[in-house]
Amino acid sequence: MRALVTGGGGFLGSHLASALLKRGHSVAVLGRNQYPSLDPAIKIFQADIRDREKVFRAIEGMDAVFHAAAIPGIWGPRELYQSVNVDGTQNVIDACLEHGVGKLVYTSSPSVVYNNANMENLDETAPYPKKYLCEYPRTKAIAERMVMQANGTGKLSTVSLRPHLIWGAGDAHLIPRIISRAKKGQLIRVGDGKNLVDVIYIDNAVEAHLLACDALEPNSTAAGNCYFISDGEAVNLWQWISGLLARLDIPPIKRSISYRAAYCLGGALEALYTLLGKKEEPRMTRFLAATLATSHYFDSSAARRDFNYRPIVDPEEGMQKLIESLQARPPN
């Protein structure tokens, strides 16, 4: 199989490209930079996902495309999120249709259905909310619908996966950010500390993408659908963070703020940053307050049923690998 991974320099994309290569496939990645850490056997197309001509050129001749490129985060210009997450996805879909690609696996997010309240063990019938508090989930939801609607057009079969809080060795964003703030005494618990959330170890996220691709055939059960994927059991967010800090001998979180206070603070900072035209992300936003204080975990039985997804790395094994990697190369 000839496969292209967009966002191939990212945490998920690079692991996915390596896993495909180990399977014996011909692999290419599309990203904005050169990636010397990738295996030399992986072809690199250096391009922005918004560059329609280069996206078409990269996808030509592919049998499958894994679309993992996106602008993440909870703050930034609406136009940026729209152009990358929506317009960029349209470029990928159009290129797949133009070149007769058979399979498109899209990396979505559970945040596309997050309604800023507790979401406990919901399945894929959960509706999209009418209003979003930031551009990332809004634009990811639009892109997800586009991918699902493209299923069955020409030769193309599509599937969307919703991994939640991908973690593990090699993560350059989530875990380092937690550790950095904790070391500076800037990590503050939001809410009562009882909220449960889904997480997924990087190897498990990759496995789900590979299995979904294997199952993706015309008229298959997976085609045209979206799926929640996780490590299989929700964790208490603040206990999980505290356990990570303890294993790294970092002082525990000592301060807390109520959900209501954090939400109001986030709204005030958003207004201030908008007024001042500040580009950096506020320390608190309404969306961040909501995600840190509420439960959001989902029923992933559909992925088990439709493409036999099972986590291949258990949480303790994953945590041990993460700790070993951090001790070998601690973040700044």
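No lab work stands behind these numbers, since they all come straight from the coordinates. Everything quoted here is computed from the prediction, not taken from an experiment. Neighbour counts are summed over all protein chains in view; Cβ atoms, including those assigned to glycine, are modelled from backbone coordinates with ideal geometry.
Its alpha carbons give the stretch 47-108 an Rg and a Dmax of 11.8, 36 Å.
Take the Cα radius of gyration of the stretch 101-144 and divide it by 2.2 N^0.38 Å, N being the number of residues; the result is 1.27. Membrane-span-like helices in the chain: DSSP H runs reaching 18 Å or more (Cα, own axis), mean Kyte hydropathy at least -1.0? Those that clear 18 Å and a mean of -1.0 are 135-150, 202-215, 259-276, 315-328.
Amide H contacts of I71: N85, each under 5 Å away and 5 or more positions distant or on a separate chain (H built 1.01 Å from N in the peptide plane; Pro and chain starts excluded). Spin-label model, S220 to A246: label points 7 Å out along the Cα-to-beta-carbon direction sit 4.2 nm apart. Our coupling estimate for the stretch 28-36, obtained by passing each phi through the Karplus curve with A = 6.51, B = -1.76, C = 1.60 and θ = phi - 60°, is 9, 10, 10, x, 7, 10, 8, 10, x Hz, Gly and Pro reported as x.
For the stretch 289-326, no residue has its backbone nitrogen under 18 Å from a point 7 Å from the Cα of Y128, taken along Cα to Cβ. Here is how the number arises for the chain: DSSP H runs of 4 or more residues each give -39500 (n - 2.57), the sum is divided by the residue count, and the result at 222 nm is -12000 deg cm²/dmol. Per residue, the convex hull spanned by the Cα atoms of the stretch 194-279 measures out at 205 cubic angstrom. Under 5 Å from the amide H of G152 lie the amide H atoms of S157, T158, each residue being 5 or more positions distant or on a separate chain, with H modelled from the backbone and absent for Pro and chain starts.
Run the numbers on the stretch 89-157 and let me know its relative contact order in percent, using alpha-carbon pairs under 8 Å that are six or more apart.
Result for the stretch 89-157 is 50 percent.
A convex hull fitted to the Cα coordinates of the stretch 179-224 yields 134 cubic angstrom per residue. The R78 and H25 beta-carbon pair, evaluated with R₀ = 30 Å, returns a calculated FRET efficiency of approximately 0.20. Averaging Cα coordinates gives a centre for the stretch 272-321 and one for the stretch 189-215; these two points are 8 Å apart. Where does the Debye-calculated log10 I(q)/I(0) of the stretch 198-246 sit at q = 0.21 Å⁻¹, using only Cα point scatterers of equal weight, no solvent? For the requested q values the scattering log ratios are -0.79. Packing here is the average count of other Cβ atoms within 10 Å per residue, and on that basis the peptides 105-116, 262-273, 228-239, highest first, run 105-116, 228-239, 262-273. Computed over the Cα atoms of the chain, pair by distinct pair, the Kirkwood hydrodynamic radius stands at 20.5 angstrom. A straight Cα-to-Cα reach below 22 Å connects K183 with the lysines K254, K321, residues fewer than 8 places away in its own chain not being considered. Average 1/r across all pairs of distinct alpha carbons in the stretch 148-193, invert it, and you get the Kirkwood radius: 14.4 Å.
Averaged over residues, the count of other Cβ atoms within 10 Å places the peptides 130-137, 89-96 in the sequence 89-96, 130-137, highest first.
Relative to the present Cα-Cα distance, how much length would full extension add between M1 and K278 at 0.36 nm per residue of separation?
95.1 nm
For the stretch 1-81, the direction-averaged projected area of the alpha-carbon convex hull comes to 5.5 nm².
Each principal axis of the Cα cloud of the stretch 43-196 was taken in turn, and the coordinate range along them, longest first, works out to 51, 35, 29 Å.
Note on R305 and H173: the model spin-label points, each 7 Å out from Cα along the C-beta direction, lie 3.1 nm apart.
When the chain is fully extended, how far beyond the present Cα-Cα distance does L97 get from E317, taking 0.36 nm per residue of separation?
Length difference between fully extended and current span is 75.1 nm.
Take the Cα of Q149, step 7 Å toward its Cβ, do the same at K194, and the gap between the two points is 4.2 nm.
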